[in-house]
1. Name the residues whose placed amide hydrogens come within less than 5 Å of the amide hydrogen of V155, ignoring near sequence neighbours (fewer than 5 apart) on the same chain.
2. For R302 and Q116, what does the FRET efficiency come to when R0 = 25 Å and r is the distance between their Cβ atoms, rounded to the nearest 0.05?
3. Show log10 I(q)/I(0) for the chain at q = 0.10 Å⁻¹, two decimals, from a solvent-free Debye sum over equal Cα scatterers.
4. Between T243 and A264, 0.36 nm times their residue separation minus their Cα-Cα distance comes to what?
5. Mind checking which of L225, G293, T244 is farthest towards the positive end of the chain's charge dipole, using Cβ charges of +1 (Lys, Arg) and -1 (Asp, Glu) about the Cα centre?
6. Using only Cα atoms, find the angle between the long axis of helix 219-230 and the longest principal axis of the chain, and express it within 0 to 90 degrees, rounded to the nearest 10.
7. Mind checking Rg over Rh on the stretch 46-100, alpha carbons, Kirkwood formula for Rh?
8. Once the convex hull of the C-alpha atoms of the stretch 68-176 is built, how many Å³ does it hold per residue, rounded to a whole number?
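Read the figures in this text as sums done on the coordinates, not as results from a lab. In this text the structure is predicted, and so the values were computed from the model without any measurement. We place every Cβ from the backbone using ideal geometry, glycine too, and count neighbours over all the protein chains shown.
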Amino acid sequence: MSPWEPPSSPAPAAGGPLLVAVGGGKGGIGKSVLAALLAIECARRGLQTILLDCDFGGPNLHSLLGMSLPRETLSEFVSRRADSLAALAVPTPVPRLTLVPGPRGTAGDASLLHQQRVRLKRAVGTLQAQVAVLDLGAGTHYDVVDFFLLAAHGVLVVTPEALSVENAYRFLKVAFLRRIRNAELSGDVEELLQEAAREGGSGARTPAELMAHINREAPVAGQVLTRLVETFRPLLVVNQVRTTQDLALADSMCQAARRLFGVALEPLGALHHCDTLARAVRARLPVIPENLGVEAVTDLGRLVTRLLGLAVVRGTR
């Protein structure tokens, strides 16, 4: 079978795209590569897929698809020179996959105004596709966290390195706090959150302690926030796996997320280190099946099968 013949896979139900956001606490962890691979595999399975480069600090998805940066990018939408994201979507070498390229000239000025962020979030939800994969920037800026929370499935990428793990936990904490801060809160609860956010404050040291504190001090609000937090179920992908110990990282991180944050972080899967993939990225070759090793193709297939299965189980499809 040709790499581009779609395997039998039921298409998601109509009603807007399945939103998948790929983020991580730091750069250099393979986040953009994973976003591209997920989108390519969804398209390969016969799903109309759109890939959005939302990395305002250094967009590179076009390179991973073997393309030059198109003349019109997300910059046109942000600056209101384009009325829709659809007007910016360009075909890729992969059938059924289009790309909204990342903005030009944003390095060093990688943040959106609040109004720009709101407009972009609304536009993403109206995309005419079955699956939309968002590649987010590194770090914990609102431009990253808000789009991670917008998606039906936020995918957190981590590598088996101490710094990457540390930054992933920081990302989870910021996303957790941002999610409950976005809720309609009373003044007392808002004050509790602000106190917890202050370094050295007398408030809770961890999100789990914060929720326990709010439940004690404001039980009604605590019940509302508890239900809200229960819907925050990010997915974890361990990238650059080389050993069985690396594979075990997913379970240990998910257990820690539950203990420290009260967050149901779920393992989506892993991507083993692949020299063939690394060479393709360095050579600016498209990250398509022909340029991947067998193990990477197998890993990717498992990731997407589980992702689409979760979409059905969770009711996002």
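1. Placed amide hydrogens put A21, V22, G23, L235 under 5 Å from V155.
2. Numbers: r = 37 Å, r/R0 = 1.47.
Taking R0 as 25 Å, the efficiency between R302 and Q116 is 0.10.
3. The calculated log intensity ratios at q = 0.10 Å⁻¹ are -0.56.
4. Values: separation 21, 0.36 × 21 = 7.56 nm, distance 2.50 nm.
Residue separation times 0.36 nm, minus the Cα-Cα distance, leaves 5.1 nm.
5. My answer, from the dipole projection, is G293.
6. The helix 219-230 is inclined about 20 degrees to the chain.
7. 0.95
8. Working: hull volume 15.0 nm³, N = 109.
Per residue, the Cα convex hull of the stretch 68-176 comes to 137 Å³.
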